[in-house]
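Q: One structure, as C-alpha cells, below. Some questions next.
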Amino acid sequence: MDHWIEILSLIGKGILLINLAVYCIGFFRSGRAYTFFISYLAWILICEIVFYVLNYQRINNLFFSHYYLIIQFILLGLFFHEIVTEKYQKNIARFLLVSIPSVLIVQYIIDPEKYYVFNLFEIFVTSYSLIILALFHLYNILDTEKKYNYISLGLLLYLISSTVIFLSGNLYTVMNTNLHREIWVFNVVMFIVYQIFIFAEYFFSRRKNV
C-alpha cells in the first residue's frame, strides 16, 4: 500500500509540475488573478518538495503545514478577490485575508505548542473560507462566461474531501491505525483529480482562444 501511495504521490507532483509549466506560458500578458494563481501553483510545488525532503530525512514536518495552509489561503484568497464581481464578495474576501492570518498568528503566540501539531482550527478556517469564495465565483458565472470554473470546482472537491478527513473524529486515531493508509490514498487521489481540473481549465480556455 505504501508503494502505491508513493506512486500516486509522484503522479500528482508530475501533473502539478506540468500545470505550473503550461500556466507560465503567456504569464506576462495575464492579469493579477492569473499571477496569484501561478504563484499558488509554485508555492504548492515548493511545499511538496519540502515535505518530501523532511520526510526523507525523518524530520517531523507538521510545523511546515502551517506555512503551507496560511500561504495557500492568502494566494488563493487574493486570486478569488480578483475574480469575484460583487462588492460585498470582495469585502468578505478582504476581511478574511486580514482577519484569518492575524487570528492564527495570535493563536501561535499565545499557544506556541500548536506550532508542532496539526491545528484543526487552522485547517477549518482556511479551507472553508476558500470554499465560500469559490462558491461565490461559481454562483457569479452561472449565466456568464465560464472562466476559472474548472479551477473552482476542482478546489471545492479537494478542500471538502481533505478537510473532512482531518476534521472527522480523533486525528490521532486517523494517523495511527491501519485505516490511515486508505485515507491517505484517497487524499492523494483527490489531489490528482484537482490537478486534472486545473489542467482542464488551461486546456479548454486555450481552445476558446484558438
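Q: Have a look at Ile7, Tyr158, Ile83 and report the one farthest towards the positive end of the charge dipole of the chain, computed about the Cα centre with Cβ charges (Lys/Arg +1, Asp/Glu -1).
A: Sorting the options by dipole projection puts first Ile83.
Q: Give me the count of lysine pairs in the chain whose alpha carbons sit under 28 angstrom apart, restricted to pairs 8 or more positions apart or on different chains.
A: 10
Q: Sticking with this structure for a sec: Name the shape class, rounded, prolate or oblate, that the alpha-carbon gyration tensor gives for the range 1-66, where a ≥ b ≥ c are the square roots of its eigenvalues, rounded holds for a/c under 1.5, and otherwise prolate holds if a/b is larger than b/c and oblate otherwise.
A: Oblate, because a/c is 1.5 or more while a/b does not exceed b/c.
Q: A follow-up question, please. Would you mind pulling out the separation of the Cα centroids of the range 101-162 and the range 7-65, in Å?
A: So the two Cα centres are separated by 17 Å.
Q: Compute the Rg/Rh shape ratio of the range 48-119: radius of gyration over Kirkwood radius, all on alpha-carbon atoms.
A: On the Cα set of the range 48-119, Rg over Rh gives 1.10.
Q: Then there's this: The chain: longest stretch without exposed GluC sites (Glu not before Pro) (DSSP loop, at most 16 other Cβ within 10 Å), sites themselves excluded?
A: The segment 1-85 is the longest one with no such site.
Q: Let me ask something additional. Give the Kirkwood hydrodynamic radius (Å, one decimal) of the chain, defined as one over the mean of 1/r across all pairs of different Cα atoms.
A: Taking every pair of different Cα atoms in the chain, averaging 1/r and inverting gives 18.2 Å.
Q: If you roll a 1.4 Å probe over the chain with all protein chains in place, what percent of the accessible area is carbon or sulfur?
A: Carbon and sulfur together cover 69 percent of it.
Q: Quick one: what are the phi-derived ³J(HN,Hα) couplings along the range 105-112, Karplus 6.51/-1.76/1.60 with θ = phi - 60°, whole Hz, x for glycine and proline?
A: 4, 4, 4, 6, 5, 6, 10, x
Q: Charges on Cβ only, +1 for Lys and Arg, -1 for Asp and Glu, centred on the Cα centroid of the chain; of Leu133, Phe186, Phe64, which one is farthest towards the dipole's positive end?
A: Checked the options; the winner is Leu133.
Q: When the helix-only estimate is applied to the chain (DSSP H runs of n ≥ 4, each -39,500 (n - 2.57), divided by the residue count), what is the mean residue ellipticity at 222 nm, nearest 500 deg cm²/dmol?
A: Rounded to the nearest 500, it is -28000 deg cm²/dmol.
Q: What list of ³J(HN,Hα) couplings, whole Hz, do you get for the range 119-131 from phi and the Karplus terms 6.51, -1.76, 1.60, once you set θ to phi - 60° and write x for glycine and proline?
A: 9, 5, 4, 4, 4, 5, 5, 6, 5, 6, 5, 5, 4
Q: Using the heavy atoms of the protein chains alone and a 1.4 angstrom probe, what is the accessible area of the chain per residue in square angstrom?
A: Solvent-accessible surface per residue comes out at 56 Å².
Q: Helix 179-209 versus the longest principal axis of the chain: what angle, 0 to 90°, nearest 10, using Cα atoms?
A: Compared with the principal axis, the helix lies near 10 degrees.
Q: Between Leu10 and Leu167, 0.36 nm times their residue separation minus their Cα-Cα distance comes to what?
A: Residue separation times 0.36 nm, minus the Cα-Cα distance, leaves 54.0 nm.
Q: Something else: What does the charge dipole of the range 1-128 about its Cα centre add up to, to the nearest 20 debye, if the Cβ of each Lys and Arg holds +1 and the Cβ of each Asp and Glu holds -1?
A: With only Lys, Arg, Asp and Glu charged at Cβ, the dipole is about 460 debye.
The values are calculated or read from the model by the stated rules, or taken from the named source; none is laboratory data. It should be emphasised that the depicted structure is a prediction, and the values quoted were computed from it without experimental measurement. Counting neighbours? That spans all protein chains shown, and the Cβs are built from the backbone with ideal geometry, glycine included. Only protein heavy atoms, including side chains, enter the accessible area calculation; ligands, DNA and RNA are left aside. Shrake-Rupley method; radii C 1.70, N 1.55, O 1.52, S 1.80 Å.
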